[in-house]
Amino acid sequence: MNQDLDRRAIVSEFLGTLLLVLFAVGAAVVAGDRIGDLGVALAFGFTLLALAYALGPISGCHVNPAVTLGFLVAKRINVTTAVSYWVAQFVGGIAGAALVFWIAKTIPGLQTHGKMGSNGWGDRSQVHISLGGAFLAEVLLTFLLVFVVLAVTHRVAVTGFDGLPIGMALAVIHLIGIPLTGTSVNPARSLGPALFAGGPALSQLWLFIVAPLVGGAIAAAAHLFTHPQPNVLGADQAA
């Protein structure tokens, strides 16, 4: 990447992650009781779909450290780019959660402590899934997301109809995952809300950072087997 594009890509990852948390997690926090799990799932899917078209040509619209890890393992980006993206994504996730928290605090009676769209298992899960079950679920759900992203994108950028299957995949993932863990599949999406929820959301946060990264790495390894692409590391210099 040239220096100007590199700056724009990093800003895009920050802004994209902020907007994903603000509008998708915000939908769960502010309107979850009204729109239900289906509405929240569609909020995540549609938001990512829109962002894919808006930011995909600039940064690839990863907006997710697990996706970035997948691109790194698949040798489509280098370590420097990956680290820059991770910093931007985590900061963006925290900023987005801060905006959701600020809005939530203006709504009388809305409970944020221990909630805020954060993820969890045990008594913080709709179905009281176990720790082991939550870990496995997050690995498998993230595997699907990252595998789809890697499979439908050409090298780094999201182009053409690439955004459609990515958004659809995230919506389906949330339909399955919301009752299980609240659905993370994105460490940056989990970190921001957990910081503002506090309490048990923070104590369980580690799983929603580690499991998605594991799922993303496995997806990249599977993708390299099913979609071999020699000499793709140069893509991030050409992007």
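Just so it is clear, none of the values below were taken in a lab; they were calculated from the coordinates. Remember, it's a predicted structure, so these values are computed and weren't measured experimentally. Here the Cβ positions follow ideal geometry from the backbone for every residue, glycine too, while neighbour counts run over all protein chains shown.
Please state the shape class of the range 90-211: rounded when a/c is under 1.5, otherwise prolate if a/b exceeds b/c and oblate if not, all from the C-alpha gyration tensor.
Verdict is oblate for the range 90-211.
With springs only between Cα atoms under 10 Å, which of ARG189, ARG34, ARG76 fluctuates most in a Gaussian network model of the chain?
Highest fluctuation of the listed residues: ARG34.
Taking the chain as a Gaussian network, Cα atoms linked when under 10 Å apart, which of LEU55, LEU69, LEU110 shows the biggest mean-square fluctuation?
Taking springs between Cα atoms under 10 Å, the residue moving most is LEU110.
What number do you get for the range 55-105 when its Cα radius of gyration is normalised by 2.2 N^0.38 Å, N = residues?
This ratio for the range 55-105 stands at 1.32.
Using modelled amide H (1.01 Å from N, peptide plane; none on Pro or chain starts), what sits under 5 Å from the amide H of HIS154, excluding residues fewer than 5 places away?
So HIS154 has HN proximity to THR159.
Mind running the shape call on the range 78-143? Use the C-alpha gyration tensor, a ≥ b ≥ c as the square roots of the eigenvalues: rounded below 1.5 for a/c, prolate if a/b tops b/c, oblate otherwise.
Oblate, because a/c is 1.5 or more while a/b does not exceed b/c.
Could you tell me whether the range 1-66 comes out rounded, prolate or oblate from its Cα gyration tensor? Rule is a ≥ b ≥ c as square roots of the eigenvalues, rounded for a/c under 1.5, then prolate if a/b exceeds b/c, otherwise oblate.
prolate
Which of SER130, SER190 has the fewest other C-beta atoms within 10 Å, and how do the rest follow up to the most?
The fewest-first ordering by Cβ neighbours comes to SER130, SER190.
For the chain, what is the Kirkwood hydrodynamic radius in Å, using each pair of distinct C-alpha atoms?
Every distinct Cα pair counted, the radius reaches 17.4 Å.
For the chain, modelled as a Gaussian network with Cα springs under 10 Å, which listed residue fluctuates most, PRO193, PRO108, PRO179?
PRO108
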